[in-house]
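Contents: one structure, followed by commentary.
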Amino acid sequence: MKNILKFLLFVLLVSAAISALYDYRFKHGGLTLLAQAGADKYTLSTAPSVDPKEVMGLENLNKERRTLVNAILPAVVSIKTSKKVVSRRTYGLDPSEFYNRNPRQFRNPNEEEMVQNSLGSGVIVSAEGHIITNNHVIEQVDQIEVQLSDGRSKKARLVGADATVDLAVLKIDEPGLRALKFGDSDAMQTGDFVLAIGNPFGFEETVTDGIISSKGRPNRLDGFGDYLQTNAAINPGNSGGPLVNLRGEIIGINTAIISKSGSSAGIGFAIPSNSVRVALESLLKNGRIIRGYLGILSRNVGPGVSGTAGVIVDDIIPDSPASEAGMKKGDVIRKLDGHEVRTFNELKTLVTQVELNKKVEIEVERGGKPLKLTAAIKEQPVDYKTTRVNPRESPAPPRRQTPNEPDDQSDDADDAGALASIEVGELTQDMARRLDLPRGVKGVMVTKVSDDESELRTGDVIEEVNQQAVTSVAEYKRVVSSIDPNETQVLSVCRHRTRSFVVLRPK
């Protein structure tokens, strides 16, 4: 007891000493309250660091950029979608749920209905209220709502969509809308200034700037050469928004990014406006996209052929425009309708942009001599599949599967290079529902990724490998067996409701 009293006395003495010290310093100016000291003296700078006359060009640039952005913003919209999904509960059942309900409305007590919301962007392209966006933004949703730049929200209806080009057309009934004009994407050059506007992460009317980083790469076989590449920041939610030039014209629709984090890494892609306009007019006039075709099997010019650009005709489909034009095997297509043809992808794009039944001049090289042919572009038959002969050697036959080898493992993992770390399995309807995939997604599901640095994740769905569709494990194995393991592979991947490209490089 005495020790406790001594301790309490010690604490009291120390507290008194601290209080006395604080009181002394306060009275002798050691501690001064701001209120007692009065207002603190300050002098703010009144002159700019740089004479405005010396940066007049930058000031004018600022004014011009403001004018450009203010003219564009009213035509850019935010798109909000919702859909009802049923998910299984993981918690216990409340017995009261069996009572006080309409029997006609009864459902499995282990399931509950939820509403999932998604965000995207769009751009008004007609005075009647037509809006362009990506197909993956509005695919398999119950409700589409468009928010205008002034904050008003309007219900939108779907006019048409196409998953192949990843475009959709919406319409709202609202008079006095401002629409943006389509520019000529073919006229854009690497280094040209562009703006990307959209609704990334729900932050509507976000403006980012950059340049055209690349376009029409002639040596790419993965489809990226069809897009405009930009370093303007594009993030989830930007999909469907416009890429515009200095005149405020649409020169692309933002559609994809390449990124390890899922956010902008400075590599974004937009569908060229010339392709968008053709698709839009086809959807509005016909309710679907009508694709023109030439009717050839072809490949890019390779070693042993004169010139560095062009497409070699390997076969001709009977009764096709190419057949009727007198095209022959071995012809090298150099130009179509006055446009230079460097790759198969460029030829395909040019053909799809030609009006149906229009006669176009095709410049070919036959036996080392130039020749001009005339072909009338027809609509692509329903059962026609665009085919390109692989310039590499014929693929080796897949090795036999051993009795103990799992079905969901790639047979060619040892020879697949960048794909060796990936194992895939069949995508079932039940699994597609669990992964919340858009309707109609076909591919193989990633079941295992042994490379910690890979951008792929378990549950990702691979739809294409180097622009070759893979709708089953068997097709995946066939494609993997035909690729060069020492080359970079590009995968088209669907993760939940987001589509993107994943680039895998051999190590």
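Summary of computed values
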| item | result |
| --- | --- |
| Test: residue in the stretch 258-275 that is within 30 Å of residue 79 (Cα to Cα), in contact (Cβ under 8 Å) with a residue 40 or more places away in the chain and in contact with a Leu (Cβ under 6 Å, 6 or more places away or on another chain) | yes |
| Scope the stretch 161-176; condition in contact (Cβ under 8 Å) with a residue 24 or more places away in the chain and part of a loop (DSSP other than H, G, I, E, B); matching residues | 163, 164, 165, 166, 172, 173, 174 |
| Residue match in the stretch 285-297 (condition: aromatic (Phe, Trp, Tyr), touching a Ser or Thr at 6+ places or on another chain (Cβ under 8 Å) and at pLDDT below 90) | yes |
| Within the stretch 281-295, considering residues that are in contact with a Pro (Cβ under 9 Å, 6 or more places away or on another chain) and not in a loop (DSSP other than H, G, I, E, B), the one nearest to residue 183 (Cα to Cα) | 292 |
| Evaluation of residue 423 against (1) touching a residue at least 60 places away in the same chain (Cβ under 8 Å); (2) assigned to a strand (DSSP E or B) (one fails), failing number | (1) |
| Some residue of the stretch 338-360 being more than 25 Å from residue 227 (Cβ to Cβ), hydrophobic (A, V, I, L, M, F, W, C) and modelled with pLDDT of 90 or more | no |
| Residue within the stretch 142-154 that is buried (at least 18 other Cβ atoms within 10 Å of the Cβ), hydrophobic (A, V, I, L, M, F, W, C) and within 30 Å of residue 433 (Cβ to Cβ) present | yes |
| Candidate set: the stretch 149-160, residues that are out of contact with any Lys or Arg (no Cβ under 7 Å at 6 or more places or on another chain) and either charged (D, E, K, R) or part of a loop (DSSP other than H, G, I, E, B) (or both); chosen: the one nearest to residue 255 (Cα to Cα) | 149 |
| Residues within the stretch 254-280 that are outside any loop (DSSP other than H, G, I, E, B), at pLDDT below 90 and not small (Gly, Ala, Ser), tallied | 2 |
| Index of the failed condition, residue 234 passing every other in (1) assigned to a loop (DSSP other than H, G, I, E, B); (2) on the phi > 0 side of the Ramachandran plot | (2) |
| Test: residue in the stretch 308-319 that is crowded, with 21+ Cβ neighbours inside 10 Å and within 27 Å of residue 251 (Cα to Cα) | yes |
| Top-ranked residue of the stretch 113-145 - restricted to ones that are over 18 Å from residue 199 (Cβ atoms) and not in a loop (DSSP other than H, G, I, E, B), ranked as modelled with the highest pLDDT | 130 |
| Leading residue by the ranking (modelled with the lowest pLDDT) among those in the stretch 51-92 that are of a type in the set (Gly, Ala, Ser) and in a strand (DSSP E or B) | 87 |
| Residue pairs meeting the criteria (Cβ under 6 Å; at least 6 apart or on separate chains; first touching a residue at least 60 places away in the same chain (Cβ under 8 Å), in the stretch 354-371; second of a type in the set (Val, Ile, Thr)) | 354/360; 354/377 |
| Qualifying residue in the stretch 472-487 (condition: touching a residue at least 60 places away in the same chain (Cβ under 8 Å), closer than 25 Å to residue 262 by Cβ and part of a strand (DSSP E or B)) | no |
| Hits in the stretch 355-377 (condition: within 20 Å of residue 286 (Cβ to Cβ) and buried (at least 20 other Cβ atoms within 10 Å of the Cβ)) | 377 |
| For residue 453: the one exception among (1) surrounded by fewer than 18 Cβ atoms within 10 Å (Cβ to Cβ); (2) modelled with pLDDT under 85; (3) not in a loop (DSSP other than H, G, I, E, B) | (3) |
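The values are calculated or read from the model by the stated rules, or taken from the named source; none is laboratory data. None of the values given here were measured: they were computed from a predicted structure. Virtual Cβ from ideal backbone geometry, glycine too; neighbours counted across all protein chains shown.
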